[in-house]
1. Test of understanding: among E161, E200, which residue is open to solvent by 40 Å² or more (accessible area, probe 1.4 Å), away from the ligand (no atom under 16 Å from the Cβ) and within 20 Å of the chain's Cα centre (by Cα)?
2. For residues that are acidic (D, E), within 11 Å of the ligand (Cβ to nearest atom) and farther than 28 Å from A203 by Cα, tally how many sit in region 105-156.
3. Would you check if D186 is open to solvent by less than 80 Å² (accessible area, probe 1.4 Å) and of a type in the set (D, E)?
4. Between residues in region 2-23 that are touching a residue at least 24 places away in the same chain (Cβ under 8 Å) and crowded, with 24+ Cβ neighbours inside 10 Å and residues that are among the polar types (S, T, N, Q) and part of a strand (DSSP E or B), which pairs lie under 9 Å by C-beta distance while being six or more apart or on different chains?
5. Does V50 satisfy the criteria of being closer than 30 Å to K194 by Cβ and over 13 Å from the mean Cα position of the chain (by Cα)?
6. Among the residues of region 208-222 satisfying the criterion of being in contact (Cβ under 8 Å) with a residue 40 or more places away in the chain and either within 16 Å of the ligand (Cβ to nearest atom) or out of contact with any strand residue (DSSP E or B) (no Cβ under 9 Å at 6 or more places or on another chain) (or both), which is nearest to S94 (Cα to Cα)?
7. Hey, among S58, S53, which residue is open to solvent by 10 Å² or more (accessible area, probe 1.4 Å), within 24 Å of I185 (Cα to Cα), out of contact with any strand residue (DSSP E or B) (no Cβ under 7 Å at 6 or more places or on another chain) and more than 13 Å from the ligand (Cβ to nearest atom)?
8. Give G27, G34 a once-over and let me know the one that is within 11 Å of the ligand (Cβ to nearest atom) and open to solvent by 10 Å² or more (accessible area, probe 1.4 Å).
Amino acid sequence: MKIIVAIDGFAASGKSTIAQDLAEKTGYTHIDSGAMYRAVTLFGMQKGLVTSSTSIDSKKLIELLPTINISFDRTPENYFTMLNGKNVEKEIRSLAVSNLTPHIAKIVEVRNFLTARLREMGKNKGVVMEGRDIGTVVFPDAKMKVFVTAPLNLSVERRLEELKQQGNPATYQSVEDDILERDKIDSAWTYPAKDAIRIENGAEPLSAIVQHLFSIFESLTAVP
Ligand code: DC
């Protein structure tokens with residue numbers, strides 16, 4: 001029996017790595033909903049509709065939502081987000097996109113548009129979908145829900161390392177400010193479902209966390 005695994009959590013909590021590893025172990029498709037919010041933001045920036053957090057032409061962006069096609073492509077090692085047929089994986093991870101995305105995610109029509117897309121992508125189950133509101137809004141009936149948190153210092157270090165690897169080194173303070181600011185806005189739609197399994201990332205090795213979740217997954221999908 002296939003199920004939906006919803007993995008939610010705040011910025012840089014490490015939910016992506018957990019979701020990827022669990023998808024690999026279960027053979028399920030990994031869907032990163034944050035990448036889709038980022039892609040809509042990038043689309044708005046490319047069209048000149050999003051230039052700063054206070055300069056967003058949301059009316060025009062909403063009008064253009066039906067022209068946005070977001071999909072995922074992969075090689076054995078990598079996962080790419082495609083925006084209207086173009087690989088935008090690198091661009092959507094930039095600091096500019098990261099900082100502007102919470103302001104785009106606030107727009108109700110954007111949330112409704114992406115929620116509908118995500119429901120379509122998960123309609124046959126067999127997905128590990130990560131985000132903020134997957135277990136509460138997108139798939140409130142998901143059979144397995146996980147909510148990931150991490151201590152702030154570990155989130156900052158994780159994000160600093162990611163930025164370094166992308167060739168965008170930043171200071172500890174700027175990354176900490178950035179995460180706190182994003183979490184402040186995102187907290188409106190980032191909270192655990194009542195029936196979510198709570199994971200504090202950092203308390204034990206990642207492999208142990210994934211193994212623990214995999215055991216729960218196995219018990220939930222076991223055929224009686
Ligand atoms: O998980 P992430 O950092 O890549 O998410 C990018 C942004 O998208 C972040 O501001 C939260 C927002 N988001 C959302 O509002 N709902 C989701 N289901 C996923 C992400």
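The values are calculated or read from the model by the stated rules, or taken from the named source; none is laboratory data. A quick note: this is a predicted structure, and the numbers were derived from the prediction, not measured. So basically every Cβ, Gly included, is an ideal-geometry build from the backbone, and we count neighbours across all protein chains shown. What goes into the accessible areas is simple: the full protein's heavy atoms, side chains included, and nothing from ligands, DNA or RNA. Shrake-Rupley method; radii C 1.70, N 1.55, O 1.52, S 1.80 Å.
1. Numbers: E161 fails: away from the ligand (no atom under 16 Å from the Cβ).
The unique qualifying residue is E200.
2. At the first step, the residues of region 105-156 found to be acidic (D, E) are 109, 120, 130, 133, 141.
If we keep only those that are within 11 Å of the ligand (Cβ to nearest atom) too, we end up with 130, 133.
Among the residues that remain, those that are also farther than 28 Å from A203 by Cα are: none.
Within region 105-156, residues that are acidic (D, E), within 11 Å of the ligand (Cβ to nearest atom) and farther than 28 Å from A203 by Cα number 0.
3. Working: open to solvent by less than 80 Å² (accessible area, probe 1.4 Å): yes; of a type in the set (D, E): yes.
So D186 passes the test.
4. As it stands, the answer is G9/T149; S13/T149, since those pairs meet every condition given.
5. On the way: closer than 30 Å to K194 by Cβ: no; over 13 Å from the mean Cα position of the chain (by Cα): yes.
So V50 fails the test.
6. Restricting attention to region 208-222, the residues satisfying the condition of being in contact (Cβ under 8 Å) with a residue 40 or more places away in the chain are 209-210, 213-214, 216-217, 220-221.
When the remaining residues are screened for being either within 16 Å of the ligand (Cβ to nearest atom) or out of contact with any strand residue (DSSP E or B) (no Cβ under 9 Å at 6 or more places or on another chain) (or both), the result is 210, 214.
Values: V210: 28, F214: 32 Å.
That would be V210.
7. Details: S53 fails: more than 13 Å from the ligand (Cβ to nearest atom).
Checking each option against the conditions leaves just S58.
8. Details: G27 fails: within 11 Å of the ligand (Cβ to nearest atom).
Just one listed residue meets the conditions, G34.
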